[in-house]
Amino acid sequence: MLLDLFISFFQVGLLSFGGGYAALPLIQNQIVNVHAWIDVTEFADIVTISQMTPGPIALNAASFVGSKMCGIPGTVVATAAVVTAPLIISLTLAYFYFKYRQLDVMKGILYGLRPTVVSLIASAGLSILLQVLFNSATFPIDPEQLSFISLALFIIAFTILLFRKLSPILVILLSGGAYLTITLFLT
């Protein structure tokens, strides 16, 4: 099991170009689809918890999944695995970037990678949004499964984050409190 954790999170670290949210589809594929260590609902929970704790999302996900699967040794192995490849790649790229950053080829490569990174982030975000709103991470969705409470909280939180620039942690806490209050009064 520890070897599987290492290989899976090493792959996540190796292929997580764009970091952060761009890594979400890779993490989801490894821990939900390939190994079925957690389900999509637990994955959405990990993403939520990762946003409330310090550190990169891939690192937090590795820690949470490693802990669930093998306790402290799993946490150490998964966390070490997810940072090994990026450390080596970052050091290598930093060297080449600072040496060749003025070349048009380097500028073109970086410019061309930006839309791909945005598409990775959007793909992961859409998958999580579908899970939250419709309890399904893929299309087709069943409109009858729509959670109106989750939809309302999503719209309110999105609007606040976009236009009011409040702390994401404050918005998360307020949303959690609002959901708890609403569900207590409806049940």
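Only the coordinates and a few stated rules stand behind these numbers; no lab work does. This structure is a prediction, so every number in the text was calculated from the model and none was measured. Neighbour counts run over all protein chains shown; Cβ positions are idealised from the backbone, glycine included.
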Highest-MSF residue in the chain out of Ala36, Ala80, Ala122 [GNM, Cα springs under 10 Å]: Ala36
Degrees between helix 168-186 axis and first principal axis of the chain (Cα, 0 to 90, nearest 10): 30
The chain: angle of helix 2-15 to the longest principal axis, Cα-based, in degrees nearest 10: 80
Cα lying deepest toward the dipole's positive end in the chain, options Ile89, Ala23, Ser175, charges on Cβ: Ile89
Taking the chain and dividing mean pair separation by its residue count, relative contact order in percent (alpha carbons under 8 Å, at least six apart): 21
Per-residue Cβ neighbour rank within 10 angstrom, fewest leading, Asp39, Asp4, Asp104: Asp104, Asp39, Asp4
Pairwise label distance in nanometres, Ser167 with Gln51, each label 7 Å out on the Cα-Cβ vector: 1.6
Length-normalised contact order for region 63-142 - Cα pairs under 8 Å, 6+ apart - percent: 12
Matching label, mean projected area of the Cα convex hull in nm² computed from the structure shown, candidates (i) 9.4; (ii) 13.2; (iii) 12.6: (ii)
Loop-exposed trypsin sites (Lys or Arg not before Pro) per DSSP, neighbour cap 16 Cβ within 10 angstrom, longest uninterrupted part of the chain: 1-100
Which of Val65, Val83 has the fewest Cβ neighbours within 10 Å, and the rest in rising order: Val83, Val65
Highest-fluctuation residue, Met69, Met106, Met52 considered, GNM on the chain with Cα pairs under 10 Å: Met106
Nearest 10 degrees, 0 to 90: helix 148-159 Cα axis against the chain principal axis: 50
